[in-house]
Amino acid sequence: MRAHRIRWWVYLLAVVLGVGGGAATAMLEERHHVSLLGLPWFVSAVLAVFGIGVLVAAWQVHRYTTTEPRKRVQLKTITPERAVDTLILTKALALAGAVLLGWYGGELLMVLGHLQAPYYRRIAIECVVACAASLIDMVCGIIGEGFCQLPPSEGPEHPKIERKRLRNGRRDRGVAWKADGQDGDNDEAAVPGR
């Protein structure tokens with residue numbers, strides 16, 4: 001099974017769905033006078049710190065996988081399970097950050113018309129801070145997902161091997177085969193070396 005990068009349109013879809021949810025929450029709050037808007041400052045700070053923590057874990061995986069095996073002894077060992085868990089965390093963080101960015105952006109759009117009231121002004125500031133924390137999470141998740149990609153193996157298709165082969169002047173020498181019945185004399189294919 002291969003892990004694939006999340007496509008750009010998935011993030012866009014998550015933001016749009018979040019905007020719809022945030023706008024619906026703001027309308028519900030306005031009609032029924034329940035306090036559902038905004039996000040406490042502490043939660044925004046925890047979101048940002050969590051995003052940075054996941055990015056650091058992804059950087060450790062990246063550093064371990066791109067270091068030469070002889071030099072890995074100096075680094076903390078990264079187990080395959082930890083690398084996969086980090087990849088899952090980065091993907092979840094990026095998607096959650098996109099949804100929350102849309103959610104609090106939707107709430108912010110709905111309260112912009114009521115900024116003259118101190119309550120809505122406070123909610124708007126909380127939503128701006130929550131959008132910033134969600135954007136940090138989304139960006140950290142996307143970058144961390146890139147860090148968790150394995151470098152290409154050093155097989156024949158690896159760019160370094162290909163450059164070395166071309167630099168040494170060794171190119172694959174193909175064998176030209178005659179097509180069946182091309183001569184008219186012989187219906188057999190030409191065999192190299194004969």
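Some points to look at:
- Meets criteria (without any contact (Cβ under 8 Å) to a residue 24 or more places away in the chain and either buried (at least 23 other Cβ atoms within 10 Å of the Cβ) or under 14 Å from residue 38 (Cα atoms) (or both)) for residue 124: yes
- Looking at the range 1-119, the helices (runs of 4 or more DSSP H) lying wholly inside it that each contain 3 or more residues that are open to solvent by less than 60 Å² (accessible area, probe 1.4 Å) and of a type in the set (Ser, Thr, Tyr) sit at 41-66, 80-111.
- Neighbours by Cβ (under 7 Å, 6+ apart or cross-chain): first from the range 3-32, farther than 24 Å from residue 93 by Cβ and touching a residue at least 40 places away in the same chain (Cβ under 8 Å); second in a helix (DSSP H, G or I) and β-branched (Val, Ile, Thr): 26/111
- Residue 126 vs. criteria closer than 25 Å to residue 20 by Cα, in a helix (DSSP H, G or I) and touching a Pro at 6+ places or on another chain (Cβ under 8 Å): yes
- The residue that is farthest from residue 132 (Cα to Cα), counting only those in the range 42-90 that are polar (S, T, N, Q) and within 14 Å of the chain's Cα centre (by Cα), is 86.
The values are calculated or read from the model by the stated rules, or taken from the named source; none is laboratory data. All values reported here derive from a predicted model rather than from experimental measurement. Counting neighbours? That spans all protein chains shown, and the Cβs are built from the backbone with ideal geometry, glycine included. Note: areas computed on protein heavy atoms with side chains; ligands, DNA, RNA excluded. Shrake-Rupley method; radii C 1.70, N 1.55, O 1.52, S 1.80 Å.
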